[in-house]
Each structure stands twice: as structure tokens, then as C-alpha cells.
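Enquirer: Here's a structure for you.
The values are calculated or read from the model by the stated rules, or taken from the named source; none is laboratory data. Treat the numbers as computed from the prediction; the structure is a model and nothing was measured. We place every Cβ from the backbone using ideal geometry, glycine too, and count neighbours over all the protein chains shown. When the accessible area is computed, the model is the full protein with side chains, heavy atoms only, and any ligands, DNA or RNA have been set aside. Shrake-Rupley method; radii C 1.70, N 1.55, O 1.52, S 1.80 Å.
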Amino acid sequence: MGQGARLLNVVDVEATCWDTSPPAGQVSEIIEIGLTVVDVVARERVSRQRLLVRPERSAVSAFCTELTGLTQAEVDSGVSFAEACGTLAAEHQAGKRGWASWGEYDRKQFTRQCQAGSTVYPFGSRHINAKAVFAAAFDLPKQVGMARALKIAELPLEGRHHRGDDDAWNIAALVLQLADQGAWPGVPPKPSHQSRR
């Protein structure tokens, strides 16, 4: 397994949101990108990064702040979405490494926002929906949220839920558990130390 295949980017985004419809003229935009790099062979989380992203076509609502803890002043200090995508490509080889997120939301949000702003999509085509893999591995009747998955897997929720870097870190722990079980695509299960007959 090459270096490109053994390292996986686990990504979680937070975006501007409202408890009802968006105000006139506003659209949901990414305001935080959390990324944890996982070594699926060594079975460890090797690094994490948090990128704050400055929205251009929306504002952070009180509902959004309550959910994520992010404020308008905080995200105003962030980088542009295009810069954030450039960082993912340059520092995390996003175009070459496989990547995973909890569900399809993050992938679709990146796709939408890149198309809307003519920004180069930073990721390659190897995306894995960790939410679907988890549901299949645990034989669940339907897919569950990350917090529920952690309870099912008997793993702690570290940090704050709905914070990009903390969520990516927690999703990475679930990915590693799935890898140990032999349920993560393309990764052999942990070798047992039993002697062969």
C-alpha cells in the first residue's frame, strides 16, 4: 500500500445556517473546515487542522452561533473559500489522497460552492461516505448521526459537536474502528496474532 493510499483525509465542514429559510439573497456557505489525517495502516490520527473561512454571500446567524459556537467576528478573520481550497490541495494533497466525511453533505457543499465561485475543486474522486460504511458495518436499519455512532461504537465524543475540527477528529476515530474490523474500503483488517496451522 503506497503512501497515498495509507493516508486518508477526514473532513468535516460547518456552514452558515438558519432555523428557518435563509434571509433574502443569502446562501449557505462553508465557514469552517476541520481536517484530520489518518494513517489507516498504522491505525492512528496523525494530524489535525482547522481552517476558518470568511463567507461572502451570507452572515452568521444567532442560530448558527448557538449550533457551532462560531461568530461573525471569528469567521471574518478567516481566509477566503478559494484560499482554503488551495491550502487543502497544497498542504494535505487533497487531490491525490482519498477522503472521507460523515455523509454526503460535505462533498456536495464543496461541489456547489466551487461551482458557484469558479473555484478549483480541491479533492480527488476517491470519496468515502463514512456514515454509510458505519451503518453497513453495524447492520443498522438506517444511517445515524456522528454522535449516535460514537455511542454505538462505545467511543467518547471529544471536544464540541458541530465544530469542524472536533467532528473530523471524532469521525477519524470511527474510521479507525471500522478499519480494525475490516469494514473500511480498501484497508485489510488488523492482523491477528494467532499462529497459523
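Enquirer: If I stretch the segment between Ala73 and His161 completely, what's the gain in nm (0.36 nm per residue apart, minus their alpha carbon distance), one decimal? Don't jump to the answer; show the numbers that get you there.
Expert: On the way: separation 88, 0.36 × 88 = 31.68 nm, distance 2.05 nm.
Separation in residues times 0.36 nm, less the Cα-Cα distance, equals 29.6 nm.
Enquirer: Just the number, please: Stokes-Einstein D of segment 70-197 in µm²/s, Kirkwood Rh from C-alpha pairs, 37 °C, 0.692 mPa s. Mind showing how you got there, number by number?
Expert: Details: Rh = 16.6 Å.
Calculated translational D: 198 µm²/s.
Enquirer: Each label point is 7 Å from the Cα along the Cα-to-Cβ direction; what then is the distance between the points at Lys190 and Ser80, in nm?
Expert: 4.6 nm
Enquirer: Something else: Taking the Cα centre of segment 10-93 as origin, sum charge times position over the Cβ atoms of Lys and Arg (+1) and Asp and Glu (-1), and report the length of that vector in debye to the nearest 20.
Expert: Details: 6 positive and 13 negative charges, 34 e Å.
Dipole about the Cα centre, nearest 20: 160 debye.
Enquirer: If you take the charge dipole of the chain about its Cα centre, with +1 on Lys and Arg Cβ and -1 on Asp and Glu Cβ, which of Pro189, Val133, Tyr105 is farthest toward its positive end?
Expert: Projecting each Cα onto the dipole axis, the largest value belongs to Pro189.
Enquirer: Okay, moving on. Between segment 97-121 and segment 133-197, what is the separation of their alpha carbon centroids in Å?
Expert: If we compute the Cα centre of each part, the gap is 22 Å.
Enquirer: Accessible area per residue for segment 75-170 in Å², computed with a 1.4 Å probe and the full protein assembly in place, what is it?
Expert: Numbers: 4830 Å² over 96 residues.
Per-residue accessible area for segment 75-170 comes out at 50 Å².
Enquirer: Any idea what Rg and Dmax come out to for segment 1-130 if you just take the C-alpha atoms, in Å?
Expert: According to the Cα coordinates of segment 1-130, Rg and Dmax are 15.0, 50 Å.
Enquirer: Along segment 109-116, what does the Karplus equation 6.51 cos²θ - 1.76 cosθ + 1.60 (θ = phi - 60°) give for ³J(HN,Hα), rounded to whole Hz, x for Gly and Pro?
Expert: With the stated coefficients, segment 109-116 comes to 5, 4, 4, 4, 6, 5, 5, 5 Hz.
Enquirer: Whose amide H sits under 5 Å from the amide H of Ala100, counting only residues 5 or more places off or on another chain, with H placed in the peptide plane?
Expert: Asn9, Val10, Val11, Ile128
Enquirer: Oh, and also: Taking θ as phi - 60°, what are the ³J(HN,Hα) couplings along segment 158-168 by the Karplus curve (6.51, -1.76, 1.60), each to the nearest whole Hz, with x for Gly and Pro?
Expert: Couplings: 8, x, 10, 5, 6, 10, x, 6, 5, 5, 4 Hz.
Enquirer: Quickly work out the Glu66-to-Thr111 label distance, labels modelled 7 Å from Cα along the C-beta direction, and quote it in nm with one decimal.
Expert: 3.2 nm
Enquirer: Assign unit charges at the C-beta atoms only (+1 for Lys and Arg, -1 for Asp and Glu), then state the dipole size of the chain relative to its Cα centre in Debye, rounded to the nearest 20. Display every interim value, and only then the final one.
Expert: Details: 22 positive and 22 negative charges, 201 e Å.
Dipole size: approximately 960 debye.
Enquirer: Between Glu91 and Ala59, what is the label-point separation in nm under the 7 Å Cα-to-beta-carbon projection?
Expert: Result: 3.0 nm between the two label points.
Enquirer: What 222 nm value per residue comes from the helices of the chain, counting each DSSP H run with n ≥ 4 as -39,500 (n - 2.57) and dividing by all residues, nearest 500 deg cm²/dmol? Walk me through the numbers on the way to the answer.
Expert: On the way: 8 runs with 74 residues, N = 197.
Taken over the chain, the calculation gives -10500 deg cm²/dmol.
Enquirer: A further question on this structure: When the accessible area of the chain is split by element with a 1.4 Å probe, what percent falls to carbon and sulfur? Spell out each step's value before the answer.
Expert: Working: 5020 of 9990 Å².
For the chain, the apolar C and S fraction of the accessible surface comes to 50 percent.
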